[in-house]
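The block underneath contains the structure these notes are about, expressed in structure tokens.
Any read-out appearing in this document is the output of simple, stated calculations on the displayed coordinates, not a laboratory observation. Since we're looking at a predicted model, the values are computed, not measured. When we count neighbours, we look across all protein chains shown, and the Cβ atoms used for this are built from the backbone with ideal geometry, even at glycine.
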Amino acid sequence: MKQILFSIYLLLFTTLAFANDFEDGLHAAQKENYKTAIPLLNKAAQQNNSMAHVVLGLMYKNGKGIKQNQKTAFQHFLTAAKLNDADGQFNVAQMYEHGKGVAKDDTEAVKWYQLSADQGVTDAQLRLGLLYQYGQNGVTQDYKLAEKWFRLAAQQGDPDAQLLLGLAYLNGNGLPKDIIRAYAWTYLAANNESHEAIKERDAIDKILDAKQRQEAQELSRKCSASNFTDC
């Protein structure tokens, strides 16, 4: 029994120690103290800390505090992705899509975007929505799937997704045409600092009568109050 408890305490101590390595390394990197940050992040990464791999991947990708190396960046992202890190999965998808650090592979890109999006990463949801909307990168055009991913990102407050969902209602792409909901979503996106949404909202506003405008604005307030779920 004592041996079991000792093993548990040792595991807990080791886990906390490497968590501290990551936190201390991240803090040093944020202060641009890379001489301190890199060894700590590498130490945490060697213990399968997925977040350390993501941070190191970004540093290698952007040449921040270390010589730029896309292949090394990709390997760090891939390690994090295989540890089920959603940000790692998104970065792997991006690098496959653009052929940076690895050969371009649309199938792999979509696979990793899907995994990341399923974990709630809005950038991955938005990118999947766009791929389905335009039928790009080997994806079959599917407005309903595009609307699904736009809505999930929009419900997390992403202004680009809110705008695209509004345009889907406006044009009837994957949804019944609904100018009230189109205005409500573009109104929300505009209030969320999307400059493109301001143009679209104002264009829709010109074809609404007073009653429709009031209904749309009430819907946008209801939507916002429900964290974008009652829309």
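Distance cut-off 31 Å, Cα to Cα: go down the list LYS71/LYS111; LYS177/LYS222; LYS43/LYS148 and report the pairs above it. Write out the running numbers ahead of the final one.
On the way: LYS71/LYS111 20 Å; LYS177/LYS222 20 Å; LYS43/LYS148 40 Å.
Too far apart for the 31 Å limit: LYS43/LYS148.
Seen from ASN137, the other residues with C-beta closer than 9 Å to its C-beta sum to a net charge of -2, counting Lys and Arg as +1 and Asp and Glu as -1. Between the alpha-carbon centres of region 146-200 and region 36-59 there is a gap of 38 Å.
For region 106-198, build the charge dipole from Cβ charges (+1 Lys, Arg; -1 Asp, Glu) around the Cα centre, then report which of GLY157, GLN119, TYR187 sits farthest towards its positive end. So the residue we want is TYR187. Working from Cα pairs under 8 Å separated by at least six residues, relative contact order for region 92-195 is 16 percent. For the chain, the relative contact order comes to 9 percent (Cα pairs under 8 Å, sequence separation of at least 6).
In summary, the aspartates and glutamates within cross-link reach of LYS100, defined as a Cα separation below 20 angstrom excluding same-chain residues under 8 places away, comprise ASP85, ASP87, GLU108, ASP123. The computed Rg and Dmax of the Cα atoms in Å for the structure shown corresponds, within [x] 19.6, 67; [y] 19.3, 62; [z] 22.2, 77, to [z]. Charging the Cβ of each Asp and Glu at -1 and of each Lys and Arg at +1, and nothing else, the dipole of the chain about its Cα centre rounds to 460 debye.
For a straight C-alpha distance cut-off of 16 angstrom, the lysines reachable from LYS31 (same-chain residues fewer than eight places away being disregarded) are LYS64.
Each other residue within a Cβ distance under 10 Å of VAL110 adds +1 if Lys or Arg and -1 if Asp or Glu, for a net charge of -2.
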